[in-house]
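Structure record follows, encoded as structure tokens.
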Amino acid sequence: MEAIRRILLNNPTALIGPATIFLATFGIGWVVRRLVMRALLAWSSRTQSRAAAILTDALHGPILIWTLILAAHLALQSSELPVKLTEWGAKALLVLWIVSLTLMFVGVAGNLVRFYGDQVPGALPVTTLTENLAQLAVVLLGIVLLLRALGLEITPMLTALGVGGLAVALALQDTLSNLFAGFYVAVARQIRLGDYIKLNTGEEGYVTDITWRSTTIRGLGNNMIIIPNAKLAQAIVTNYYLPEKRMSASIQVGVSYDCDPEHVERVLLEVAQKGTGEISGLLAEPAPSVTFDPGFGESALYFTLGFQVAEFANQFGVRHQLRKRIFRRFQEEGILMPFPTRTVYLHGAESASHLKPNEPQAHP
């Protein structure tokens, strides 16, 4: 600072050259930035490419920062400041450049994983956890480059981190258990984004995200359920989307004992087969089936109509539509669906006397 003050007092004209270089470089950089951004925007709008959109967003801010860094560097090198001061300035600009480059690639890595991660064979599923891991890798690489630029040795720092890592692991064991459990869940691919799952504790819904701490599922009531990854890894999970989305469902129907079972079976099959082309989510293959099960009830004959639906959530709407059609068709066919009945026998005092156990007779 003393050198700068001395130049300002004794020879202020010495700053005109560096200032001119700074302004000229910044002006040229500004024009180049506008031309580059205009070309990228035109490419993005013409191709509708996600890669073009990612690159445009990534370069929008950093180009201006890099222009300022370049202008400041050229101005410093052309100034009459002491060599030590120019070296410190150059090192500070290099640090700023590495930080800006790291931040830019952090955003690029997150967007690439989000939009293209599912297209890479063998890659992890695209979740918040995988995005964070990709961004963390970029940050670690940026830190290594920054330390090397500052002339610091990395090996002693890694040794110190290894010694202190045990204490950190003990203090953050719950957090680390959730982190590694989430990583395991993502790698195993037994639970994927969009799958409908149900835990043995009763929670169920669509998997919407897997983060470093928890997995989020959305229930059919559109409510959000947050499950710690460690709990999810230990739970018994039913995945209704594996090995495929298609699943079987059924409806139980009770009819009067006076009905012909063959007739009832034929009517139920006709209703289900006709519904395959009209009810959303009801599949024609495998074909619907009817079984005389559970069979003989207390007041009705019970049949089970089995069918296939496209996915878990379809079964509720399909049952709704089938029940209405079955009820309407039974009315047309004269098939009765009886109420539960019970026969009660009443006995008078005289008729009930013989039901009493014989009493022993008294002997004189």
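Restrict the check to the range 305-324 and report whether at least one residue is in a strand (DSSP E or B), surrounded by 14 or more Cβ atoms within 10 Å (Cβ to Cβ) and among the aromatic types (Phe, Trp, Tyr). Within the range 305-324 (the criterion being in a strand (DSSP E or B), surrounded by 14 or more Cβ atoms within 10 Å (Cβ to Cβ) and among the aromatic types (Phe, Trp, Tyr)), the answer is yes, since at least one residue qualifies.
Of all residues assigned to the range 270-279, none qualifies as being touching a His at 6+ places or on another chain (Cβ under 8 Å) and surrounded by fewer than 18 Cβ atoms within 10 Å (Cβ to Cβ). Restricting the search to strands (runs of 3 or more DSSP E) fully inside the range 187-255 and requiring at least 3 residues that are within 30 Å of Arg323 (Cα to Cα) gives 196-199, 204-210, 247-255.
Could you tell me whether Val237 is surrounded by 13 or more Cβ atoms within 10 Å (Cβ to Cβ), closer than 30 Å to Glu333 by Cα and of a type outside the set (S, T, N, Q)? When the stated conditions are applied, Val237 does not pass them. Of all the listed residues (Val126, Val106, Val120), the sole one being within 30 Å of Asp209 (Cα to Cα), at pLDDT 75 or above and among the β-branched types (Val, Ile, Thr) is Val106. Scanning the range 199-226 for residues that are of a type outside the set (Lys, Arg) and under 15 Å from Tyr184 (Cα atoms) gives Asp209, Ile210, Thr211, Trp212, Ser214, Thr215.
Only one entry of Ala92, Ala53 meets the criterion of being more than 18 Å from Ala149 (Cα to Cα) and either of a type outside the set (Lys, Arg) or modelled with pLDDT of 80 or more (or both), and that entry is Ala53.
The values are calculated or read from the model by the stated rules, or taken from the named source; none is laboratory data. What you see is a predicted model; the values in this text were computed from it and never measured. Don't worry about glycine lacking a Cβ; one is built from the backbone with ideal geometry, like all the others, and counts go over all protein chains shown.
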